[in-house]
1. Quickly run through the stretch 152-163 and pick out the residues that are touching a residue at least 60 places away in the same chain (Cβ under 8 Å) and either in contact with a strand residue (DSSP E or B) (Cβ under 7 Å, 6 or more places away or on another chain) or not assigned by TED's automatic domain parsing to the domain that holds Asp21 (or both).
2. Quick one: is Val73 closer than 30 Å to Glu204 by Cβ, outside any helix (DSSP H, G or I), modelled with pLDDT of 95 or more and touching a strand residue (DSSP E or B) at 6+ places or on another chain (Cβ under 9 Å)?
3. Gly88: under 19 Å from Trp50 (Cα atoms), over 18 Å from the mean Cα position of the chain (by Cα) and surrounded by fewer than 17 Cβ atoms within 10 Å (Cβ to Cβ), yes or no?
4. Tally time: how many residues in the stretch 45-64 are buried (at least 17 other Cβ atoms within 10 Å of the Cβ) and outside any loop (DSSP other than H, G, I, E, B)?
5. Name the residues in the stretch 54-81 that are more than 17 Å from the chain's Cα centre (by Cα) and of a type outside the set (S, T, N, Q), would you?
6. Only one residue in Leu110, Leu117 is outside any helix (DSSP H, G or I), at pLDDT 90 or above and either closer than 21 Å to Ile194 by Cα or under 18 Å from the mean Cα position of the chain (by Cα) (or both), so which one is that?
7. Only one of (1) modelled with pLDDT of 95 or more; (2) over 25 Å from Gly63 (Cβ atoms); (3) surrounded by 14 or more Cβ atoms within 10 Å (Cβ to Cβ) is not met by Leu156, so which one is it?
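The values are calculated or read from the model by the stated rules, or taken from the named source; none is laboratory data. Just so you know, these numbers come straight off a predicted model, no measurement behind them. Here Cβ is always computed from backbone atoms with ideal geometry, including for glycine, and neighbour counts include all displayed protein chains.
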Amino acid sequence: MTRPREHAGPLATGLERLGADVSVVPLIEVAPLDDVGELRRLVEHGDHDWIVFTSTNAVGAVGSVVTRVRARVAAVGPATASAVRALGVEPAFVPDRFASAEIADGLEPLAGAHVLLPQSEIAERSFADGLRARGATVDVVDAYRTLEREPTAPELVELGRADAILLASGSAARSLASLAPSEPGEPGALVVCIGPQTAAVAQEVGLEVGIVAREATAEGMIQALVSHFQET
């Protein structure tokens, strides 16, 4: 598993219950912005119809100020929705799948709508572009930083012996691809992506994607792995 340790729990636990030997080797780390004041002012005082959270990190960066806005809130998955609810806000929309088209469908009508999209400073802009193509005005604002993390020597050994390497973000895919080719992929580790966007980035940076989960959640990745290893 290549996600930060603080986000690894449910997926690691689920795999271990099924008998897997799970190693957490974070390839990225999430860091706060030096100042989130401007972000929170934009959330509270911006004239938005929707605020769309694409991660629990973005929810944490915005914080309780989201309880004081009139905008409807969308969360892209169950974990993000739970983080929003923990602040006392019920999301107006949570898609069944984390797919750009499905999220956009749930926000319709978008023509003339004003959407706020708090994201990592290096997040892909394709989702925002898709909303704009449907007629929305989209404010993309940095909510946190995503940094590549250099694995330790023992962690590189763990990557090298893995049967499967799980990628939950494009950032993790880039970090994996930046390692020496002989380290993460030997001998033939299966690259598992949480969704099509992560898979697209992985392929773009030269990784061979073995599985893409049908549902962009921890449970979706578990089901994808179970199906694969049952077949093999």
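1. Leu159
2. Answer is no for this residue.
3. Considered against the rule, which asks whether it is under 19 Å from Trp50 (Cα atoms), over 18 Å from the mean Cα position of the chain (by Cα) and surrounded by fewer than 17 Cβ atoms within 10 Å (Cβ to Cβ), Gly88 comes out as yes.
4. Residues flagged as buried (at least 17 other Cβ atoms within 10 Å of the Cβ) and outside any loop (DSSP other than H, G, I, E, B) within the stretch 45-64 amount to 11.
5. Listed by number, the residues that qualify are Gly63, Val65, Val66, Arg68, Val69, Arg70, Ala71, Arg72, Val73.
6. Only one candidate passes the filter, namely Leu117.
7. (1)
Let's see how each residue does on (1) touching a Lys or Arg at 6+ places or on another chain (Cβ under 6 Å); (2) closer than 25 Å to Ala20 by Cβ; (3) modelled with pLDDT under 95; (4) surrounded by 14 or more Cβ atoms within 10 Å (Cβ to Cβ):
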| position | (1), (2), (3), (4) |
| --- | --- |
| Ile122 | no, no, yes, yes |
| Ala136 | no, no, no, yes |
| Arg161 | no, yes, yes, no |
| Ser178 | no, no, yes, no |
| Pro184 | no, yes, yes, yes |
| Ile194 | no, yes, yes, yes |
